[in-house]
């Protein structure tokens, strides 16, 4: 710790702090453009100039360490000033320079109203310009379907260059030429290859990079902001949903150090148009092989007629990837009251189950915990496309001080180097038997992290693989009292909540696969679109989009997406988070729990709640940990590992493949989105190009 | 700076592969840096690749360097576009870098430029036969031999339109040409006659400390108005005198005049003196030390000491609302960051 006096206030800060951080610690505001606390320091915008006592001229506070300051003549702490006339003048001068070439575009600029340059020019600039000269003109660059450029506005802070190189790990942006001719561009103006590229438009302090899909659609002050949580993957990124009227206009990241820091993936951000396209806005009933619009009463009557004539063993329910805990709880209660045991929330066929303890299916290490790991083994997963922000954490860990990282599964580009051990279970056996030197690395590590993905678990020998990984975990001592290195990476937002609720087949119950392949006569499908249901069964589809599930349905009950309802989601770590309603569902679509409540009435099994609050009260009484929003209830790791090791089983020979085939098209909302389709086509082209 | 751009696609070669020589050079350069720091060799490799590709960097060469150094192509592209010595478009077999900076300009670079425009055409334009292209560059550091051009790796100096035309003819015809000065001068030695640095007193040690003596002499007869004015222009808040300040650290040099005096010899080697004073090689020149002592010119545009507290403006540093910054009473030049100093805006202090 080092003492420093900021504007007469003495503060004690870590010596490695920069003056800017020290000033913030002392409560002084320092304007900046190029400095960003999650990127490396560039020091090129000069907006953060402060006066250091004893220094002949103002210094850039973002690039000057507290430990680099000289003490006073009698050993007093170094003194800086952020409010002196010199500083004011320096800021005015810098601002004037920045505005020499910045166009007066604000009325037609999408950044207007959320622009750092605009705000800081108001706060720290002067009110007139002394320049008569022409401004420089720069050609706009093509950066792909997500980022629109207007390079005249660029002030060369290089945040976008640093983000793509450092955080995203796909270094395809750079600053070409020099001096006044400097231009920010991607290599040969190709589309950016990162799945996090849209974050550069958030980072841009001016309007040079803006979001292309939503450009010219809104002004930021028109939007209603709702804090929510993302359901595109199992990370549960914190987001802010901005809506105008009934329509969601954009999705932005929220800072959440425990989950997504302040980034979100492109899928999380840009599925906005998918929320209004292909929507189911009224119930449908299939008659003579064709779906026809119907009223809720007709739809319920059709269901009731079918359910009443069917034995409970021939009824089943499958839960999809986007369901919130509330409706899953309602469905569970309804199925229990009907005496149905054929309930499964694992449409991808994964073998995880609450039977082996909560610790057997959580990402026990937690996402921030990745930063403490000192050796990482990834089994059957491609975290870059399955959980982009988990991959960002691993990359962050790798950048801090590269730990040994190894992978068994698909040999994909994860943006950081790793030791590729092999493709399938054979390699896992080899590793466990000590034929790979990496086992020694894991044994030697104090806090080894073993990530096992759905690519290794959603397969017939999944249990054996899980058991083998658990054995390995035990073997290398990855689960101790202070460290749990056994981590399961999920791909579905609903999965952990469903497993917490115990939505797996009961005694004698059928699994999702068995039900889909004709094991039941009446199948209740709560938004499961990634599973093919064989002809024969009467399918009730409750969901949001006209996707695979709706096409196969006999009755369609239109429901609300995650932005249109208040729902609890549990992410892969077991973190309970709440999504809030930002808009209303279209047409006659209703919130899922309300549909189930109404249906239960028609079926003569009225569910014991009339409001969401009553439902939650019941839910929290049965499962108290859902009440602890934003927290992770740690699971008993040792017991879970013990249970898994006991399973044993024979490993197959097939290689592990990631369950996510196309990052941009993993769920019905994304498949409805035109932007995602464009991204997907582009990514395919890039992949083909790379393969050449 | 000239507008630079990448060569159009039709001029880009299909491929670029390091020649064995370039590869050997690359290995040698990379070996200079610690493992994992191979990217430090990027400029050297780009230079060599440019040499191999015929004086310019095709895109494939940039990509080849990126692959060789395990760098993203954009990082190499940044370097290649930053430095103007990397040509991104094809150049002639003889790439003429013409110096147009002030010394060359004063010595007739304009005529040389006209020759280039007549013979070769516009800048960045290769002649139809592929022999020449030219580019105006900033100072190449051969000012004493101005005007000059650099053709590929060599300097051609002391140009006149005539000898430059001949030089280009010879190059185009493949005849041998003379590098360096085109008027038979040896490097930057005096041409025709020595006419500077001939005053013997420069070499006898007598000028050492002369400025101080002159200063003291000037300070004594302060009767005339002129001398008063001279004193008034001297900084009032003079710093404490440090007699040794600004002098080189004294060391035992081999053949300085002072050393010679110490050794009991004449301060100046008579042979050298005779040579230097030889009228056949030197023209007559007068040393400024021979004339009456003058004070060194002082620029009143620099900061001068504050004549007193009254000079500090009492108005606030922020301008009044509505005042255009250019007409503002307050200082907008950063000078208030120097306490005790005012800017003499009107150049009227003395």
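The values are calculated or read from the model by the stated rules, or taken from the named source; none is laboratory data. These figures come from a predicted structure and were not determined experimentally. With ideal geometry, Cβ positions are generated from the backbone for all residues, glycine too; neighbour counts draw on all protein chains shown.
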With the condition kept exactly as written, say whether any residue in the stretch B:206-219 is in a loop (DSSP other than H, G, I, E, B), at positive phi and surrounded by 15 or more Cβ atoms within 10 Å (Cβ to Cβ). no
Just a yes or no: is a residue in the stretch B:1-14 at pLDDT below 90, within 14 Å of another protein chain (Cβ to nearest Cβ) and more than 23 Å from residue B:136 (Cβ to Cβ)? yes
Reported set for the stretch A:519-558 where residues are in a helix (DSSP H, G or I) and within 18 Å of residue A:286 (Cβ to Cβ) is A:548, A:549, A:550, A:551
Test: residue B:32 is over 19 Å from residue A:184 (Cα atoms), surrounded by fewer than 19 Cβ atoms within 10 Å (Cβ to Cβ) and either touching a strand residue (DSSP E or B) at 6+ places or on another chain (Cβ under 8 Å) or within 14 Å of chain A (Cβ to nearest Cβ) (or both): no
Residues of the stretch A:206-229 satisfying the condition of being in a loop (DSSP other than H, G, I, E, B) and either more than 23 Å from the chain's Cα centre (by Cα) or buried (at least 24 other Cβ atoms within 10 Å of the Cβ) (or both): A:206, A:207, A:208, A:216, A:217, A:218, A:219
Given the structure, is residue B:106 over 23 Å from residue B:15 (Cβ atoms), buried (at least 19 other Cβ atoms within 10 Å of the Cβ) and assigned by TED's automatic domain parsing to the domain that holds residue B:154? no
Residue A:85 being free of Cβ contacts under 8 Å to residues at least 60 places away in the same chain, on the phi < 0 side of the Ramachandran plot and away from every other protein chain (no Cβ under 14 Å): no
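At least 2 residues that are free of Cβ contacts under 8 Å to residues at least 40 places away in the same chain and surrounded by fewer than 19 Cβ atoms within 10 Å (Cβ to Cβ) in each: list the strands (runs of 3 or more DSSP E) lying fully within the stretch A:256-363 that qualify.
In the stretch A:256-363, A:290-293 are the strands (runs of 3 or more DSSP E) which contain 2 or more residues that are free of Cβ contacts under 8 Å to residues at least 40 places away in the same chain and surrounded by fewer than 19 Cβ atoms within 10 Å (Cβ to Cβ).
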Give, as residue ranges, the helices (runs of 4 or more DSSP H) completely inside the stretch B:47-147 that count at least 1 residues that are away from chain A (no Cβ under 14 Å). B:59-69, B:102-106, B:109-119
I need the full set of residues from the stretch A:622-638 which are assigned to a helix (DSSP H, G or I), more than 18 Å from residue A:237 (Cα to Cα) and in contact with a helix residue (DSSP H, G or I) (Cβ under 9 Å, 6 or more places away or on another chain), in order please. A:622, A:625, A:627, A:637, A:638
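Go through the stretch A:120-159 and count every residue that is at negative phi and either within 12 Å of chain B (Cβ to nearest Cβ) or part of a loop (DSSP other than H, G, I, E, B) (or both).
So the count comes out to 25.
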Filter result for residue A:366 (touching a residue at least 24 places away in the same chain (Cβ under 8 Å), surrounded by fewer than 24 Cβ atoms within 10 Å (Cβ to Cβ) and not in a helix (DSSP H, G or I)): yes
